[in-house]
Amino acid sequence: MENKAYRGHVLALPYPSQGHINPLLQFSKRLVSKGLKATLATTLYIHNTMQSQSSSSLQFDTISDGYDEGGFAQAESIHAYLNRMETIGSKTLADLIIKNKNTANPIDCIIYDPFLPWALEVAKKFGIFGAAFFTQTCAVNFIYYHVHYGLLKLPITSTPISIPGLPVLDLEDMPSFIGVPGSYPAYFEMALNQFSSSDKADVVLVNTFYELEPEAVDSMSRVSRLLPIGPTIPSFYLDKCLENDNDYGLNLFVSYSSVCNNWLNTKPEGSVIYLSFGSMSSLSNKQMEELAFALKGSKFHFLWVVKASEEAKLPKKFVEEIGNKGLVVQWCSQLEVLSNKAIGCFLTHCGWNSTLEALSLGVPMVGVPQWTDQTTNAKYVKDVWKVGVRAKVCENGIVGREEIEFCIKEVMEGERGKYFQKNAKKWRELAIKAISEGGSSDKSIDEFVSKFVNS
Ligand code: UDP
């Protein structure tokens, strides 16, 4: 029988960076699998930078951030970038809504990254539903919420810090903008400004799942209409193929997928350390050297993602000297790598996507957080989810080679290693349950979708 139900059209607007695009793209695909029509709007520069974009189910369109030739790198400062993006982005987003207005599928909802709070104003101007999509944990967002509303005064003068629904935190567990006062003020302002609009949003979506941080979700739910909808990972990787859902989506870097797969497939189960610091972090030469020495000294195989911009920091002849013990690539399909049986642990910067991906795929972690929310995520990895360790930083801000070797052994070997593996397996099962039919995130997604379906 023909289905005559009206299926709404959502427009998803991510902040233009890899870690913000991935979850919103995957969430949009999930909405399509639930019957909605979805368009992902990237900036023109991002659109032209995409190395791969493989999603038959989604539509793609563009807005402009005012830097069509070079994106963020073209801007004088983050402030200049955000200001220009607000002016030109608002206008081009409005143009996109108008373009769709008299079609069979006008836009019913804008799902926007709260790093771009002006998008809600555009939605409201057109009388469209506005959904804020937070790409970090409830815990981290709730910390920023407390600072934004003056409930947590800065600078912090006494520790430990108590925030409802969160474990007690030390300064080193706080997002770096708070833990290291004065660092990256423009990014800090952007993190706090998320709440300038989200109070007015019709709903707040968060890329987490209830079971991961129930107390934080409950606490934040008291101050916003919250729906945890994660993990936004193609279901294919969760052994739970809900739909034809195995494509990763959109890579801004060239991915060395088959090189990694071929190499990993020759390695025994659980024998490889996977290392990546995500798309934005830049390590010091000294930190790269310490990592390189630790990997050379350890008895395990390793696959290390070193972005093209970081390659010159590797010690001379490192790649030649490691032979078949390790593989260094500029970018990989991380989900593919993490789901390969050869991987025994993930040495990670604890970016939220990477952390959630490792939790959902059952991979224990060594946390080497660098900045922003990574420090808080590392605290949860170690003390709340108990799926790994957090490397100790020396006074010079570096994690030394002995510490790295020690942490790797802790996670890869012995009783502690087994304990982390057991916990990682538990989180994987809970992640699968959350997005399976009737699971906590699946119910949240159904609730969201029901707003745009009329039978
Ligand atoms: N990623 C990837 N290949 C790599 C490294 C990272 O596909 O070689 C993906 C990873 O799966 C994650 C995103 O890039 O979805 C990085 O996001 P995250 O929040 O972890 O870190 P960020 O890049 O924002 O610092």
By how many degrees, 0 to 90 and rounded to 10, does the Cα axis of helix 18-33 deviate from the longest principal axis of the chain? 50 degrees
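Considering only Cα-Cα distances, which of the following residue pairs are longer than 31 Å: K34/K426; K392/K425; K379/K451; K29/K125?
Details: K34/K426 27 Å; K392/K425 25 Å; K379/K451 36 Å; K29/K125 26 Å.
K379/K451, as the Cα separations exceed 31 Å there.
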Mean Cβ count within 10 Å, highest first, over the residues of peptides 137-145, 71-79, 286-294: 137-145, 286-294, 71-79
Per-residue ellipticity at 222 nm attributable to helices in the chain (runs of n ≥ 4 DSSP H, -39500 (n - 2.57) apiece, nearest 500 deg cm²/dmol) works out to -12000 deg cm²/dmol
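Based on the mean of other beta carbon atoms within 10 Å per residue, what is the order of 387-393, 318-324, most packed first? The partial results should precede the final answer.
Details: 387-393: 21.7, 318-324: 12.4.
Result, highest mean Cβ count within 10 Å first: 387-393, 318-324.
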Pull out the extension gain between N396 and T49, defined as 0.36 nm times the separation in residues minus the alpha carbon to alpha carbon distance; nm, one decimal. 121.3 nm
Measure out, as a whole number of angstrom, how far apart the alpha-carbon centroids of the stretch 319-374 and the stretch 153-191 sit. 26 Å
Can you work out ³J(HN,Hα) from phi for every residue in the stretch 290-298, in order, using Karplus 6.51 cos²θ - 1.76 cosθ + 1.60 and θ = phi - 60°, giving whole Hz and x for Gly and Pro? 5, 4, 4, 5, 4, 5, 5, x, 7
Helix 401-412 versus the longest principal axis of the chain: what is the Cα-based angle in degrees, 0 to 90, to the nearest 10? 70 degrees
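Which peptide among 207-214, 154-161 comes first, and what is the full order, when sorted by highest mean count of other Cβ atoms within 10 Å?
Working: 207-214: 23.5, 154-161: 11.1.
In decreasing order of mean packing, 207-214, 154-161 become 207-214, 154-161.
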With a Förster radius of 45 Å, plug the Cβ-Cβ distance of A308 and S196 into 1/(1 + (r/R0)^6) and report the FRET value to the nearest 0.05. 0.80
May I ask what percent, to the nearest 5, of DSSP beta bridges between residues of the chain are antiparallel? 10 percent
Taking neighbour Cβ counts within 10 Å as the exposure measure, how do F177, F302 sort from fewest upward? F302, F177
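Taken together, the values in this text are just the output of simple stated rules run on the coordinates, not laboratory data. Worth saying up front: this structure is predicted, and the values here are computed from it rather than measured. Glycine also receives a Cβ, built like all others from the backbone with ideal geometry; neighbour counts cover every protein chain displayed.
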